[in-house]
1. ³J(HN,Hα) across segment 120-129 via Karplus (A = 6.51, B = -1.76, C = 1.60, θ = phi - 60°), whole Hz, x for Gly/Pro?
2. Please report the relative contact order for the chain, taking Cα pairs under 8 Å with a sequence separation of at least 6, and give it as a percent rounded to a whole number.
3. Which residue, VAL224, TRP10, THR187, has the largest displacement toward the positive end of the dipole of the chain when charges sit on each Cβ (Lys, Arg +1; Asp, Glu -1)?
4. Sort segment 10-274 into rounded, prolate or oblate with this rule: let a ≥ b ≥ c be the square roots of the eigenvalues of the Cα gyration tensor; rounded if a/c is under 1.5, and if a/c is not under 1.5, prolate when a/b is larger than b/c, oblate otherwise.
5. Check ASP238: other-chain or 5+ apart residues with amide H under 5 Å from its amide H, H built from backbone geometry?
6. Calculate the length of the line joining the C-alpha centroid of segment 1-78 to that of segment 205-254, in whole Å.
7. Across segment 112-117, in residue order, what do the Karplus-derived ³J(HN,Hα) couplings come to in whole Hz, using 6.51 cos²θ - 1.76 cosθ + 1.60 with θ = phi - 60° and x for Gly and Pro?
8. What is the mean projected area of the alpha carbon convex hull for segment 147-277, to one decimal in square nanometres?
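Taken together, the values in this text are just the output of simple stated rules run on the coordinates, not laboratory data. Remember, it's a predicted structure, so these values are computed and weren't measured experimentally. Note that we place each Cβ from the backbone using ideal geometry, even for glycine, and neighbour counts take in every protein chain shown.
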Amino acid sequence: MREQTGPDGWREANRARWDERVALHTASDYYDQDEFRRTRDVIRDFEAAEVGDVTGRSLLHLQCHFGQDTLSWAYRGAARVVGLDFSEPAIETARDLAAEFGYGPERAAFVAADVYDAAEAVPDAAYDIVYTGIGAVNWLPDLVGWAETVASLVAPGGFLYLAEFHPLADVLDDKTGSQVAHDYFRTEAWDEEAPGSYTDFEARTVHNRSVEWQHSLGDVVSAVVGAGLRVEFLHEHDMTLFQRFGVLRRGEDGYYRFPDDRPRVPLMYSLKASKPA
Ligand SMILES: C[S@@+](CC[C@H](N)C(=O)[O-])C[C@H]1O[C@@H](n2cnc3c(N)ncnc32)[C@H](O)[C@@H]1O
């Protein structure tokens, strides 16, 4: 196991931050738990199209938060889903939701563990699909170690599917998204005090330290390839899931895009990488 280094106390600070945000998120409009209980499915249409039919497959969701996406894959027919997250309150909430939906642990299991310990922590040796993203890799200091862990958990003939916010969006200025304001190649952690959450920027919170890392698209792809997976596709998307920049407009499909008179840059990307059978 490679050592993950970062600013002192980064992991504990991030975990305390996420622990505190679970209750905030389950009560938020963003995650709309009432609607989720009704639809049981929050998978974005591009993810569903790119992942394909999951019927009868086993799926591991790394950094699953409180399990909405994980349980959605079960609803979509995955035979067995396992969600992993280092936040105990998130995992407890996910387990409660699974029980409420009538899924026993054989159908939907949730594990509290660090993503770098996933290979030892999850109940099965490997999965048909390892699914992750939507704000996941930015919490990880070491992509090579992450990719090695992921690759070890993909069953022969299976694949990794990662959908993430595009690193180019992180270097643009927050207001207009038109100026390069930050270094694309930054390797140093962003170690900041950031109260609230993306579900409510005004929320009063106590554990506000956030330690995150930027990962270039090249580093993500190289880590995945270096771990022995074969990249099937890398798609860049002109939309994102929230008001990332003030100028973005929400479309009828619910995604946020630059207005028609603005040149576009990619705001998200998705990658599928397989392990030979
Ligand atoms: C933005 S959320 C993931 C988003 C998820 N797709 C969702 O919206 O429900 C990021 C998750 O990563 C988890 N996390 C952060 N660092 C982690 C680590 N080192 N190991 C395991 N989980 C981690 C957090 O607890 C949090 O639930």
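1. My calculation for segment 120-129 gives 7, 8, 7, x, 10, 5, 7, 9, 4, 9 Hz in order.
2. 18 percent.
3. The residue sitting farthest along the positive end of the dipole is VAL224.
4. Numbers: a/c = 1.36, a/b = 1.22, b/c = 1.11.
Because its axes are fairly even, with a/c under 1.5, segment 10-274 counts as rounded.
5. Residues meeting the criterion, in which the H sits 1.01 Å from N, are LEU267.
6. Spelled out, the Cα-based centre of one part sits 15 Å from the other.
7. Running phi through 6.51 cos²θ - 1.76 cosθ + 1.60 with θ = phi - 60° gives 8, 6, 6, 4, 6, 9 Hz.
8. Projected over every direction and averaged, the Cα hull of segment 147-277 covers 9.8 nm².
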